[in-house]
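Notes follow once the structure below has been shown.
The values are calculated or read from the model by the stated rules, or taken from the named source; none is laboratory data. As the structure is a prediction and not an experimental result, all values here were calculated from the model. Positions of Cβ are backbone-derived with ideal geometry, glycine not excepted, and every protein chain shown enters the neighbour counts. Heavy atoms of the whole protein, side chains included, go into the accessibility calculation; ligands, DNA and RNA do not. Shrake-Rupley method; radii C 1.70, N 1.55, O 1.52, S 1.80 Å.
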Amino acid sequence: MSELSLSAARRGALVKSIRKLPLGLRMLAIVAVAIVAIVFPAFEGSDSFVMYTATQALVYGLAIVSLNLLVGFGGQISLGQAGFLAIGGYAAALLAIHVSGLPIPIEVLGAGAATAVIGFLLGLPTGRLRGHYLAILTLGFGVAIPEIALNWTSLTQGRTGLTVPPPRIGNTIFPTPTELYYFSLVVLVICLVAIFSILASSTGRAFAAVRDSEAAATAMGINVTATKVLLFTTSAFFAGVAGDLDAHLQGLVSPDSFPFSLSLFFFAAVVLGGLASVWGSLAGAVILAVIEAETSSSSGWEPVILGGAVVLLLLFLPRGLADFPYRAQQALRRWRGRKPRAAVPPSRAEVS
Amino acid sequence: MHNFFQFVIGGLGFGGIYAFAALGLVLIFKTSGVVNFAFGAMATVVTLTLWSLLNHAGLPFAAAWVLAMVIAMLIGGFTNGVLMRRIERSAVLVQIVLTLGLLILIEGLAGVLWGYGPKSIPQPLSGNPVNVASFLITPNDLFIIGLTVGVGLLLFVVFEWTRVGLAMRAIAADREVASLMGIRTNLYVTGSWALGTALSGIAAILVAPSLGLEPTMMDQVAVFAFAAAIVGGFGSLIGAVVGGFLIGVASNLIAAYVSTNLQLTLIFAVIVAVLYVRPDGLFGRQAVSRQ
Amino acid sequence: MLGLRGVSLSFGGVKAIDNLDLDLSDGIVGALIGANGAGKTSVLNVINRFYEPQSGSVQYDDVDILRLRSHQVIKHGISRSFQNVALFNQLTVFDNLLVGADHISRPGLLTNLFRLPKARRHGREARKRAERVLEFLDISHLRARRASELPFGERKLVDMGRALTTDPKLLLLDEPAAGMPEARHESLAKLIRQIPDEWEASVLLIDHSMALVLSAASHVVAMDFGAKIAEGSPDEVRSDPRVIDAYLGPQDAAQQDGAQAEAGLEG
Amino acid sequence: MLAAEDIYCSYGPIDAVLGISIEAPEGSVICILGPNGAGKSTTLKAIAGVVRPRKGRVTLEGRDITRLGPSRKLSEGIALAPEGRRILADFSVRDNLRVGGHLLNRNKLGARIREVVELFPLLGERMNQPGGSLSGGEQQMLAIARALMTQPTVLLLDEPSLGLAPIATRQVFDAVARIREQGTTTVLVEQNSLALTVADHGYVLSEGRLHHDGPAQELFGDERLRRAYLGG
């Protein structure tokens, strides 16, 4: 954990202030979140809609963290992350349908691996591109995947989609909302541990090095293209796992489950939650799942509310939600008539 | 072989439409450095407005078109002057997300205001296909092709040979320096947003009769327009026009020989291939500079 | 031992390097001087494969450098710093150094993911090396600071430190004194002089500060318009009339010495 | 004719300039010296209208122009050649100059280019070369020439010797001397005290405050002052 906090790249002010807390308090905050996540079903378990929303938040959490790995920690752009979820979802469905008695860990790894292969292939050309080109190319990917799923009927059943059986270990199956919730929670936690482990290692440093300066990374012996391909592969793996979870949650994968707008919301959540902030991404996921649940009944207005929220938040909090406590603090200080302090002092060159 | 060329010619009409959309994108990108992902939704709103002007206000087609262009320019100018200007110093990511948010917001609003049922507007020119050197082409397609080439050339001349163009290129290269030299950068950038939105609006008006006018009509066209802009080098006006025609022809050939459903996917594969060979597009160029 | 033979490089008709021969023996500090645009940085960019010369050869010991890709150069012991400082801005100083040490044994993703013994050994080794560099440059107090927060002069030091952490046999330093107050030039020169003995690496140095070059280097090559115009000991090169003409300006040497002290302030 | 009176500037919470006054008589060259972070560039930007002072006045021939933005300042005849040259690398030398002449009418533009090229003959030989292909010294000349295209009465130069070799630095200062002969008032911000050799009056800044000022010759001769404030 200490090494992670050293490698932590640009984080929002919220995460920075969390990092400044004494270690004990920080652990306390993590433990508190963990306890809420674990005991939550004891209070809400009877309400299947709430449980569905909570599980959806976990799934989105993994999807958004996987995207943040790419965007925040690796400096790349993907507007087609839902395409990876689709591949993971279809892989999970096909594995569950065609291989009877497949243990769930193997299924999850299989869905992740299948997606990682596609991520590798997509990474090959995109490894050489940057900025807007990458944005548009990945956007094309996100649009193309559902189209392929729609047309490859022999494999995907076209628009009808594939019904996904509930996860199973041995002869035990987990069909209830609460069981699905815990299943997703366990997978999410394992993935987060893996992601933190990668980020704190030389591989994580190589990602950050390529993000911050490709020239210097090359001079330090990092193969920039190979590193980007590896980053895409890794991000795709975790997105594929999220797709697996999503498939079990929905019970169905179809081309319509992965609209382009889903990729956009993931991307917005990454930026609003704070680049290179895992906790910000998880917070973004919770907000996204709750807004979706709240607006699902008000037909037609959902995109207006979600899109409007993204626009307004960016205009007033361009550094993301994580910046909000800092902004509030500044406003409070101004209101009290004290002189605000800068979060990041401008470099001397800027001042001269 | 004759069939093949007939398909090529058949693709030019749509190619011109993609070219218009790509021109709008590239124009805005050149001066403001922003890829406006919301351009399709903005153009659709322009076309829906045109539909209302025709059907509710009962205006003649030409008058409605002119008025729609004015509204397009207001939408574009407003988007830059009120929204994008606030974040012009933010990271590229933030700008991308803002235009994406606008895309969702505007499409949603269009759905709420106009509904999702397809509507129809007439083509600028009707009439049966005419025979040109043994190939068939509709007057409307001829009109689109002529308009595209004309507008593309006009923009190119303005950009490369006039002082307004020089100022706009200077803004694209270094906005702060441009303003230090007395160039009114905000005016020019807002102007390019207005003009770029009008160009995308033309694309949407031209495509609506074939696709059916509805809020998400431009989603597909937008992907083709991005492809056209990329193939053309994203920053080259001539490249946008050529790229538009190339994509139009290629997608018509795919529809004819492969499958209509896989148009988007295969076009996507084509741009991946182009970018793999030439990361800056066919007309893109890398800066000559010395440390 | 580094050897360039007949290297030429041009960009769209502009010659950056013109048929250059250059030798650097092991264990010494060599310097490359010349006016802005004389092609000095281009030479470094050729050596670490950022630029592809149109002709000529670059040999380091027995390795034909021009056969390598740029990220492979460091495997053969050639490391560099950057003129405008290309640090990993969002990482801490310590992590910047660790990236330098990472090339020594690059554990794979899965090795890192499961923290296999190889990954842990690498981590220990890299931290040890980074600590030693912090100490050598006397910047231990900066270790937890984010690179982007540092003033330019300190970033230059970290940039140099990162190149040292790679355990180089040849260190290419691109204007290490730029942005540093003149008062620190002497101590910087002293540090650079120590590198061959303390780190068993030779140094090829570029700088505008004549004072630094004269004090740090034992062998100086002067360039103008991409070509070598003089070579020898610092004193020989300084008094070479072609150098005075092309680089220092045609004024009497005494005044130039004074002028040089000020020129060191730039950046 | 140009004066900054007791100006204060800050970037958010960071104070950069704390009560600096300078004065540039008509046709003179004044030089503002100081180490990194002394507030030199900020003072210059305040005069150019890029940064708005929190307190104090900027006056031109007695008129208060403190609140004018960069484009209005430009029409008052104040031009800034920014730090780091900022040449438009893809543009030819001629187009760089034409950008500088944006506010001139078509007939005047050609004549002004000829006048400016007379001052920098070297640029005349490279009119069609891309700006990015010039050497550092040539690029600095082009940056100054581009600012001169606006026909300023006051020219502000922000560290023109930055990153230049000694000989190119000398050439830049020689150019300043030639500009002075044309009667253009020049404010030169520098870290290199050689700039004093072409200036009439020098100001030494440190940590946002004025520490010393006097005739340039005198400051240049003051070894102690140069060591104390210009060394770090």
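If each of residue B:282 and residue C:145 carries a label point 7 Å out from its Cα toward its Cβ, how far apart are those two points in nm?
Between residue B:282 and residue C:145, the label points sit 5.2 nm apart.
Per residue, how much accessible area does the stretch C:89-167 have with a 1.4 Å probe, in Å²?
42
Label points 7 Å out from Cα along the Cβ direction at residue C:233 and residue B:269: separation in nm?
Taking the two extended label points, one gets 7.1 nm.
So, R0 is 45 Å and r is the distance between the beta-carbons of residue D:6 and residue D:92; what FRET efficiency does that work out to, to 0.05?
0.55
Does the stretch D:9-52 come out rounded, prolate or oblate, given a ≥ b ≥ c as the square roots of the eigenvalues of its C-alpha gyration tensor, rounded meaning a/c under 1.5 and, failing that, prolate meaning a/b above b/c?
prolate
If you project the alpha carbons of the protein assembly as shown onto their three principal axes, what span does each projection cover, largest first, in Å?
Computed over the protein assembly as shown, the largest-to-smallest principal extents equal 89, 75, 70 Å.
By average Cβ neighbour count within 10 Å, what is the ranking of A:259-266, C:230-237 from highest down?
With the highest mean Cβ count within 10 Å placed first, the list reads A:259-266, C:230-237.
How much length, in nm to one decimal, is gained on full extension between residue C:120 and residue C:5, taken as 0.36 nm per residue of separation minus their Cα-Cα distance?
Values: separation 115, 0.36 × 115 = 41.40 nm, distance 4.29 nm.
Answer, rounded to one decimal: 37.1 nm.
Helix D:166-181: angle to the longest alpha-carbon principal axis of chain D, degrees 0 to 90, nearest 10?
Between helix and principal axis, roughly 90 degrees.
Over the Cα atoms, compute the radius of gyration (one decimal) and Dmax (the largest Cα-Cα distance, rounded to a whole number) for the stretch B:2-277, in Å.
Cα-based Rg and Dmax for the stretch B:2-277 come out at 18.5, 58 Å.
Between B and D, buried accessible area summed over both sides at probe 1.4 Å, in Å² to the nearest 100?
2100
Once you keep just the Cα pairs under 8 angstrom separated by 6 or more residues, what percentage relative contact order results for the stretch C:89-167?
Once divided by the residue count of the stretch C:89-167, the mean separation gives 55 percent.
Over chain D, what lengths in whole Å, largest first, do the semi-axes of the equivalent ellipsoid take, defined as the square roots of 5 times the eigenvalues of the alpha-carbon gyration tensor?
In descending order the semi-axes read 28, 21, 16 Å.
In straight Cα distance, which lysines are under 29 Å from residue A:228, not counting same-chain residues fewer than 8 positions off?
Reachable lysines: A:16, B:30, C:75, C:118, C:128, C:156, C:169.
Remind me, relative contact order of the stretch D:1-79 in percent, using alpha carbon pairs under 8 angstrom and six or more residues apart?
34
At 0.36 nm per residue, minus the direct Cα-Cα distance, what do residue C:28 and residue C:61 gain on full extension? Give it in nm, one decimal, please.
The residue C:28-residue C:61 span can extend by a further 10.4 nm.
C plus A alone minus the pair: what accessible area, both sides summed, probe 1.4 Å, in Å² to 100?
In total, this chain pair buries about 3000 Å².
What average number of partner chain Cβ atoms lie no more than 10 Å from the Cβ of the residues making up C:105-114? Intermediate values should be presented prior to the final figure.
Working: counts 1, 6, 3, 4, 10, 2, 3, 10, 8, 2.
What the average comes to for C:105-114 is 5.
Enter the accessible area of residue B:214 (Å², nearest 10), with the probe set to 1.4 Å and all protein chains included.
Here the residue's solvent-accessible area equals roughly 60 Å².
How much accessible area per residue does the stretch B:1-85 have, in Å², with a 1.4 Å probe?
34
7 Å from Cα along Cα→Cβ at both residue B:86 and residue B:67: what's the point-to-point distance in nm?
3.1
Membrane-span-like helices in chain B: DSSP H runs reaching 18 Å or more (Cα, own axis), mean Kyte hydropathy at least -0.5?
What comes out of the filter, once short or polar helices are dropped, is B:2-32, B:39-55, B:61-78, B:92-114, B:139-161, B:185-211, B:218-231, B:237-257, B:263-277.
What does DSSP give for chain D in terms of the percent of beta bridges that are antiparallel, rounded to the nearest 5? Intermediate values should be presented prior to the final figure.
Numbers: 22 of 40 bridges.
Expressed as a percentage, antiparallel bridges in chain D total about 55.
Over the stretch D:122-205, what is the relative contact order in whole percent, taking alpha-carbon pairs under 8 Å and six or more residues apart?
Result for the stretch D:122-205 is 29 percent.
At 15 angstrom or more along the helix axis (alpha-carbon based) and mean Kyte-Doolittle of -1.0 or higher, what helices does chain C contain? Whole DSSP H runs only.
C:152-165, C:185-199
Could you work out the mean projected area of the convex hull around the alpha carbons of the stretch C:89-167, in square nanometres to one decimal?
That works out to 4.9 nm².
Report, in whole Å, the centroid distance computed from the Cα atoms of the stretch D:18-47 and the stretch A:251-292.
Measuring centre to centre over Cα atoms gives 51 Å.
I'd like the carbon and sulfur percentage of the solvent accessible area for the protein assembly as shown, probe radius 1.4 Å, heavy atoms only, ligands and nucleic acids excluded.
With neighbouring chains kept in place, the figure for the protein assembly as shown is 59 percent.
Accessible area per residue, 1.4 Å probe, Å², for the stretch B:88-167: what's the number?
49
Using alpha-carbon positions, what is the distance between the centroids of the stretch C:1-60 and the stretch B:12-91, in Å?
Computed from Cα coordinates, the inter-centre distance equals 52 Å.
Just the number, please: buried accessible area between B and A, total of both chains, 1.4 angstrom probe, nearest 100 square angstrom.
3700
If the cut-off is 25 Å between C-alpha atoms, which lysines fall inside it for residue D:73, apart from same-chain ones fewer than 8 positions away?
Answer for residue D:73, where 25 Å is the Cα cut-off: D:40, D:45, D:55, D:108, listed by chain and number.
For the stretch A:132-168, list whatever residues lose no less than 20 Å² of accessible surface once every protein chain is in place, relative to that chain by itself, with the probe at 1.4 Å.
Buried on complex formation: A:132, A:133, A:136, A:137, A:139, A:140, A:143, A:144, A:147, A:148, A:151.
For the stretch D:134-157 and the stretch C:147-178, what is the separation of their C-alpha centers, rounded to whole Å?
32
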